[in-house]
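What follows is one structure encoded as structure tokens, with my remarks underneath.
The values are calculated or read from the model by the stated rules, or taken from the named source; none is laboratory data. The model shown is predicted, which means the values in this text are computed figures rather than measured ones. Backbone-built Cβ (ideal geometry, glycine too); neighbour counts: all protein chains shown.
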Amino acid sequence: MRAELDQQQAANDQLDAKLATLKAKLCDFQGQDSFAIADSERHRAAADALGGEVADRRASLDGDVGQVLRRAEQAAAAAEYVAGEQATFRNDADAILPEYAGLGADYAAKHRDLGQASRERELL
């Protein structure tokens with residue numbers, strides 16, 4: 001019986017040692033778990049902050065793109081206006097230039113005739 005008690009005591013001591021080892025491992029795991037949870041929360045907070053920053057930048061870029069599009073539309077309208085003005089000027093110039101060229105030819109002919117008449121008068 002004594003041997004049996006010693007045997008049970010030895011088994012009990014082994015179980016106590018295993019229990020102590022398991023408790024130590026549990027404490028380590030709990031410490032690692034709390035570290036992992038804290039690390040996960042930090043990562044989540046950083047991701048949320050980054051998401052907010054990305055959203056702010058996207059909104060800013062959308063605003064910038066809107067301004068660029070408005071400026072492009074204004075530039076296109078201005079270019080269209082200038083093209084219309086140039087076409088009007090070109091049409092007016094095309095209408096005036098033949099008349100002007102004709103006036104130049106008339107002036108040159110009259111000037112030539114006047115010069116010729118002047119030379120004839122000098123000869124007389």
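For Ala38, state whether it is at negative phi, modelled with pLDDT of 90 or more and under 56 Å from the mean Cα position of the chain (by Cα).
no
Yes or no: the range 55-67 includes at least one residue that is surrounded by 10 or more Cβ atoms within 10 Å (Cβ to Cβ), among the hydroxyl-bearing types (Ser, Thr, Tyr) and either in contact with a strand residue (DSSP E or B) (Cβ under 8 Å, 6 or more places away or on another chain) or at pLDDT 90 or above (or both).
yes
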